[in-house]
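Participant: Pasting a structure here, questions to come.
Nothing in this text is a laboratory measurement; each read-out follows from the coordinates by a stated rule. On a predicted model such as this, the values are computed, not experimentally measured, just so you know. With ideal geometry, Cβ positions are generated from the backbone for all residues, glycine too; neighbour counts draw on all protein chains shown.
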Amino acid sequence: MAPRLADLIKLLELEQLEVNLFRGASRDIGSPQVFGGQVLGQALSAASQTVEGRVAHSLHAYFLRRGDFNAPIVYNVDRSRDGHSFSSRRVTAIQHGEQIFNMAASFHGHEEGFDHQIEMPDVPPPEDLPDSTQPLKEMLDRLPERVRHFAIQPRPFEFRMVQTENYFEPRKAAPARQVWLRAVSRVPDDETLHRCLLAYVSDFYLLDTSTLPHGANLLSTDLVMASIDHAMWFHRPLRVDEWLLYALESPSASGARGFARASVFARDGTLVASTAQEGLIREAR
């Protein structure tokens, strides 16, 4: 297994301090604070460790404060309910004595029922697209130091963008795009682990899709962006070590907030998950 992926899986394992109480380490991936996907993945891992025989089918989370990647995060799990078919959990993430994040998650065992889904967008296969995990060297040399630090970090996932984007000459575009993604090497056969990893990677590209119609992007020095909430629904079994199409769209931006949602498809067109996020998009004052 690639070291960067092995390290992420280790981050998601967590240390159990007491019944319902877990501690997770943090990593600096080049962002000013703890990457939101890390907290999502760890919180889902903590909740999952208190449930038997069921996997998460949905989560709803709020980011309350910036996380400090120089300190561990403590996750307190409230076992809200274990019913005949569903289990509900609430997770609070604490750092330096304050809540930085909370999440509600629901778990369900396998059950047969109605089955339908939307169609996957018709896009080129990942093999026909360039690797966009890290910028080309000629682009890297032009990046501001704050962005270069983020861009050069080794990633546990690889990405192939369907639409090309020139960050140095941003143009207004439709608020939609598609990205192929997968883990950089094989992941153990554990459905819970694959869902935690998908929660981690779902925080990439989502909010900044809301900037596309406005000709802005992560390089805009007068733009402040931060995630406010994040929701996910897991529809079917999935593997993050096989190509997944992340089909993103932003239906609205208003009141200094951008809203984006996405569908996640397996290579064969199976809809495996959906996600949505609202975040702050504010011009610097």
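Participant: Choose one of 85, 16, 64: the residue whose Cα lies farthest towards the positive end of the charge dipole of the chain (beta-carbon charges +1 Lys, Arg; -1 Asp, Glu; about the Cα centre).
Facilitator: Going by the charge dipole, the pick is 64.
Participant: Let me ask something else. Mean-square fluctuation check for the chain, GNM, Cα pairs under 10 Å: which of 210, 106, 80 is largest?
Facilitator: So, out of 210, 106, 80, the one fluctuating most is 80.
Participant: Can you compute the helix-only [θ] at 222 nm over the chain? Use -39500 (n - 2.57) per DSSP H run of at least 4 residues, normalise by all residues, nearest 500 deg cm²/dmol.
Facilitator: -4500 deg cm²/dmol
Participant: Given N residues in segment 157-285, what is its alpha carbon radius of gyration divided by 2.2 N^0.38 Å?
Facilitator: Cα Rg divided by the expected 2.2 N^0.38 Å: 1.08.
Participant: Note down the nm distance, to one decimal, between modelled labels 7 Å out along Cα→Cβ at residue 173 and at residue 2.
Facilitator: 2.2 nm
Participant: Ok, one more. So what are the radius of gyration and Dmax for the Cα set of segment 38-103, in Å?
Facilitator: Just the Cα atoms of segment 38-103 yield Rg and Dmax of 12.3, 41 Å.
Participant: Go ahead and set up a Gaussian network model of the chain, Cα springs under 10 Å, then flag whichever of 269, 113, 37 fluctuates most.
Facilitator: 113
Participant: Hey, how much of the P(r) for segment 199-252 falls beyond 15 Å, as a percent of Cα pairs?
Facilitator: Across segment 199-252, Cα pairs with separations above 15 Å total 58 percent.
Participant: Identify which of the listed values of Rg and Dmax of the Cα atoms in Å was calculated from the structure shown: (i) 23.4, 76; (ii) 17.4, 54; (iii) 18.5, 58.
Facilitator: Read-out from the structure maps to (iii).
Participant: What's the longest uninterrupted piece of the chain once you rule out the GluC sites (Glu not before Pro) that are loop residues per DSSP with at most 15 other Cβ within 10 Å?
Facilitator: My reading of the result: 166-241 is the longest stretch.
Participant: Using a 7 Å offset from the Cα along the Cα-to-Cβ direction at both residue 98 and residue 81, what is the distance between the two label points in nm, to one decimal?
Facilitator: 3.3 nm
Participant: If the only charges are +1 at each Lys and Arg Cβ and -1 at each Asp and Glu Cβ, what is the size of the charge dipole of the chain around the Cα centre, to the nearest 20 debye?
Facilitator: So the dipole magnitude of the chain works out to roughly 680 debye.
Participant: Now a separate question. With every atom except the alpha carbons ignored, what do you get for Rg and Dmax of segment 1-89, in angstroms?
Facilitator: Over segment 1-89's Cα set, Rg and Dmax evaluate to 13.8, 44 Å.
Participant: How fast does segment 20-137 diffuse by Stokes-Einstein, in µm²/s, taking the Kirkwood radius from C-alpha pairs at 4 °C and 1.567 mPa s?
Facilitator: 78 µm²/s
Participant: OK, next. What's the FRET efficiency of residue 284 with residue 58 using the Cβ-Cβ distance as r and R₀ = 35 Å, to the nearest 0.05?
Facilitator: Given R0 = 35 Å and the Cβ-Cβ separation, E is 0.50.
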